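Written below as structure tokens is the structure these notes are about.
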Amino acid sequence: EPEVTQTPSHQVTQMGQEVILRCVPISNHLYFYWYRQILGQKVEFLVSFYNNEISEKSEIFDDQFSVERPDGSNFTLKIRSTKLEDSAMYFCASSGGVDEQFFGPGTRLTVL
Amino acid sequence: DQQVKQNSPSLSVQEGRISILNCDYTNSMFDYFLWYKKYPAEGPTFLISISSIKDKNEDGRFTVFLNKSAKHLSLHIVPSQPGDSAVYFCAASGGGNKLVFGAGTILRVKS
């Protein structure tokens, strides 16, 4: 069964450093998303991406964040200068249309 | 952001019985609702969804009911199995692809 994959599973970084989280969505999907879950809190929407551009973003997704689809298979989330409060589980998701989104296993980001 | 609320943080059910998980929403623009199941250290797994034009959707042991007038949906699992023990998230979308999640309900199925 096709699935969304994410790498790395755990990323530890120093405050102020740049991180890139990687995702391989399901191959025939057209919509891509990033969500995050801070420990003990809800899963929160960050950004959606369609047709090589951002279609929607949340207030969390400020200038420190960017997304890219560098090739036909990868979808990345970059945080330019990490802050302590960026520590969270980051989930990538994809969907074929405006319907069910399928999530990856997540990347645990720890900012020290 | 309290647009989607799951008021029961946890639920304990005996194996073989029915599990009923509840969810309320406040935004009348929501038109698509989903339930996800999540194990620790894994991503949410899609279970079942329902469009606002329906009031019931069934898939095997899982049934979702939608009451639009009450802005309430519920997930029924019958019969419950120990492997169903997980965190269950209700999510909603409307006018776009962004999912708004509830806080989750921890389901424990006792054998």
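The values are calculated or read from the model by the stated rules, or taken from the named source; none is laboratory data. As the structure is a computational prediction, the values presented were derived from the model and not from experiment. Note that we place each Cβ from the backbone using ideal geometry, even for glycine, and neighbour counts take in every protein chain shown.
Computed values, structure above
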| item | result |
| --- | --- |
| A:Arg36 being touching a residue at least 40 places away in the same chain (Cβ under 8 Å), in contact with a strand residue (DSSP E or B) (Cβ under 8 Å, 6 or more places away or on another chain) and more than 8 Å from chain B (Cβ to nearest Cβ) | yes |
| Answer residue from segment A:64-74, given it is at pLDDT 95 or above and either more than 18 Å from A:Gly106 (Cα to Cα) or buried (at least 17 other Cβ atoms within 10 Å of the Cβ) (or both) and is farthest from the chain's Cα centre (by Cα) among those | A:Gln64 |
| Considering residues of segment B:8-24 that are closer than 14 Å to B:Gly102 by Cβ and within 12 Å of the chain's Cα centre (by Cα) only, the residue surrounded by the most Cβ atoms within 10 Å (Cβ to Cβ) | B:Cys23 |
| Residues being within 11 Å of another protein chain (Cβ to nearest Cβ) and closer than 20 Å to B:Leu99 by Cβ - total across segment A:6-23 | 2 |
| Hits in segment B:1-30 - residues which are facing chain A (nearest Cβ under 10 Å) and at pLDDT 95 or above | B:Val4, B:Gln6 |
| Residues of segment A:1-49 satisfying the condition of being closer than 18 Å to B:Gly96 by Cα and surrounded by fewer than 16 Cβ atoms within 10 Å (Cβ to Cβ) | A:Leu30 |
| Flag if A:Ile26 is more than 9 Å from chain B (Cβ to nearest Cβ) and within 15 Å of B:Gly43 (Cα to Cα) | yes |
| Segment A:39-59, residues that are closer than 23 Å to B:Lys38 by Cβ, in a loop (DSSP other than H, G, I, E, B) and within 11 Å of chain B (Cβ to nearest Cβ) | A:Gly40, A:Gln41, A:Lys42, A:Ser58 |
| Hits in segment A:90-111 - residues which are more than 7 Å from chain B (Cβ to nearest Cβ), buried (at least 19 other Cβ atoms within 10 Å of the Cβ) and closer than 16 Å to B:Pro40 by Cα | A:Tyr90, A:Thr107, A:Leu109 |
| Total residues in segment B:6-35, condition charged (D, E, K, R) and either under 10 Å from B:Tyr88 (Cβ atoms) or without any contact (Cβ under 8 Å) to a residue 60 or more places away in the chain (or both) | 1 |
| Those strands (runs of 3 or more DSSP E) lying entirely in segment B:31-111 with at least 2 residues surrounded by fewer than 18 Cβ atoms within 10 Å (Cβ to Cβ) and within 14 Å of chain A (Cβ to nearest Cβ) | B:45-51, B:56-59 |
| Residue that is nearest to B:Cys90 (Cα to Cα), among those in segment A:50-63 that are charged (D, E, K, R) and loosely packed, with under 12 Cβ neighbours inside 10 Å | A:Glu59 |
